[in-house]
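Below is one structure, written out as structure tokens; comments come after it.
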Amino acid sequence: MKRDLGKRKLIGVSGLSLDDLLAMRWYYISNKKKIYGKDVKLNEYESFPEYVLFISKESWRGILLVIGFSLFFAVYDFYKNDVGMRALQIFIFLFPLLFLCIMKVNADSIGVRFKTVMKLFYLRLLVILNYV
């Protein structure tokens with residue numbers, strides 16, 4: 001069942017705290033001032049909820065790499081040793097480790113805390129599952 005939540009309501013559902021939103025608002029205003037200067041009226045697609053959704057898309061960066069590496073090493077081990085359980089163990093070990101590393105890199109590149117990037121990842125997951 002497809003639910004059509006508004007962008008603001010979806011941001012509220014994602015679990016972002018007020019501190020997270022204020023930090024992102026500060027980055028949003030500083031980026032806006034760098035590009036446009038002071039007191040410029042923005043279009044609807046340049047609003048703060050759109051910025052949060054864009055940042056959530058940026059937090060998703062690198063996930064295909066994590067899935068690909070984990071799957072590649074698991075399949076390689078399966079074909080080499082013919083033990084399915086060991087290949088599953090390799091995938092279960094590598095995926096969270098690489099996932100946490102990619103999320104930390106994304107947090108540093110976006111300029112927000114690690115906890116916020118995890119919440120933004122969840123927000124992007126909601127967007128991908130057609131909630132917007």
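Given the condition out of contact with any Cys (no Cβ under 7 Å at 6 or more places or on another chain), surrounded by 15 or more Cβ atoms within 10 Å (Cβ to Cβ), modelled with pLDDT under 85 and in a helix (DSSP H, G or I), answer yes or no: does some residue in the stretch 92-105 qualify? Talk me through it step by step, then tell me what you get.
Initially, the stretch 92-105 is screened for residues out of contact with any Cys (no Cβ under 7 Å at 6 or more places or on another chain), giving 92-105.
Filter again for surrounded by 15 or more Cβ atoms within 10 Å (Cβ to Cβ), leaving 94-95, 98-99, 102-103.
With modelled with pLDDT under 85 added as a condition, the list becomes none.
No - not one qualifying residue is present in the stretch 92-105.
Can you find a residue that is under 30 Å from Leu53 (Cβ atoms) and out of contact with any strand residue (DSSP E or B) (no Cβ under 7 Å at 6 or more places or on another chain) anywhere in the stretch 77-92? Spell out the reasoning first.
Of all residues in the stretch 77-92, those under 30 Å from Leu53 (Cβ atoms) come to none.
No.
The values are calculated or read from the model by the stated rules, or taken from the named source; none is laboratory data. Everything numeric here is computed off the predicted structure, so don't read it as measured data. With ideal geometry, Cβ positions are generated from the backbone for all residues, glycine too; neighbour counts draw on all protein chains shown.
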